[in-house]
Amino acid sequence: MKTCEDHYAAALDALPLAFETCVHHLLLRLDAVKFLLSTGVKIEANATTPPSEAAPWRALMCLVQCAPLYSLPSGNDASLEDRQRVSMLLQGLFRLIEQQVHGCMKALIKLKHPRTDHLKDCYLTWIKHASSAPPKALLARALESLSQPPAVELMRP
């Protein structure tokens with residue numbers, strides 16, 4: 001499984017981060033998430049040693065790291081028609097990203113992930129601001145919230 005994840009990471013690293021490739025980046029990330037949530041979860045269910053982070057968590061982080069793709073400058077080379085087309089594709093793909101983010105969060109909450117409190121707060125914040133905030137803001141806020149270290153319960157005597 002690590003080989004496949006490394007393949008996706010290498011492909012994302014090799015693809016230039018530019019307006020012309022932002023849709024390709026999103027599609028590649030969505031494909032990686034599909035792999036993690038289908039094959040990855042099944043592999044981990046049968047693994048003798050669980051990974052340091054569950055597949056739904058890795059998928060969620062892959063998705064929320066898309067924020068910069070929603071603010072790339074279009075440059076002078078892109079025609080108005082191309083800018084409109086890419087903008088429409090980005091908005092459409094955001095709906096898929098949003099569905100996958102919510103699915104990952106729900107799965108992780110159900111699994112009682114160590115960051116469950118952060119996940120619940122992030123989920124509620126996302127729902128509250130989904131209609132008014134742009135995709136970049138939602139994704140960036142989620143990434144910031146989920147990057148906090150998990151709460152550690154203090155042991156009481």
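Values in this text are rule-based calculations from the coordinates and carry no lab data. Predicted, not measured: the structure shown is a model, and the values here were computed from it. All Cβ positions, even for glycine, are placed from backbone atoms using ideal geometry, and neighbour counts span all protein chains on display.
Cross-link partners for Lys42 among the aspartates and glutamates, with Cα-Cα distance under 19 Å and sequence neighbours closer than 8 places in the same chain left out: Glu5, Asp6, Asp31, Glu53. So what's the angle, to the nearest 10 degrees on a 0 to 90 scale, between helix 80-110 and the longest Cα principal axis of the chain? The answer is roughly 10 degrees. The alpha carbons of the chain stretch over 65, 36, 21 Å along the principal axes, in descending order. Over the chain, DSSP H runs of length four or greater, each weighted -39,500 (n - 2.57), average out per residue to a 222 nm ellipticity of -20500 deg cm²/dmol.
Please state the charge dipole magnitude for the chain, taken about the Cα centre, from unit charges on C-beta atoms (+1 on K and R, -1 on D and E), reported in debye and rounded to the nearest 20. Intermediate results must be reported in sequence, preceding the final value.
Details: 17 positive and 15 negative charges, 133 e Å.
With Lys and Arg at +1 and Asp and Glu at -1, about 640 debye.
Counting pairs of alpha carbon atoms under 8 Å apart in space and at least six apart in sequence, what relative contact order in percent does the chain give? All intermediate terms of the calculation are to be shown ahead of the outcome.
Working: 122 pairs, mean separation 38.4, N = 157.
Relative contact order here is 24 percent.
Within segment 43-148, the trypsin sites (Lys or Arg not before Pro) that combine a DSSP coil assignment with at most 12 other C-beta atoms in a 10 angstrom radius are Lys112.
Expressed as an acute angle from 0 to 90° and rounded to the nearest 10, what is the orientation of the C-alpha long axis of helix 2-14 relative to the principal long axis of the chain? The helix 2-14 is inclined about 30 degrees to the chain. Toward the positive end of the charge dipole of the chain, with +1 on the Cβ of Lys and Arg and -1 on the Cβ of Asp and Glu, the farthest Cα among Val64, Cys104, Met1 is that of Cys104.
If R0 is 22 Å, what FRET efficiency do you get for Asn46 and Lys112 from their C-beta distance, rounded to 0.05? List each step's numbers first, then the result.
Details: r = 20 Å, r/R0 = 0.91.
The pair Asn46/Lys112 has a calculated efficiency of 0.65.
Pairs over the 21 Å Cα-Cα cut-off, from the set Lys112/Lys136; Lys34/Lys106; Lys2/Lys112: Lys112/Lys136; Lys2/Lys112.
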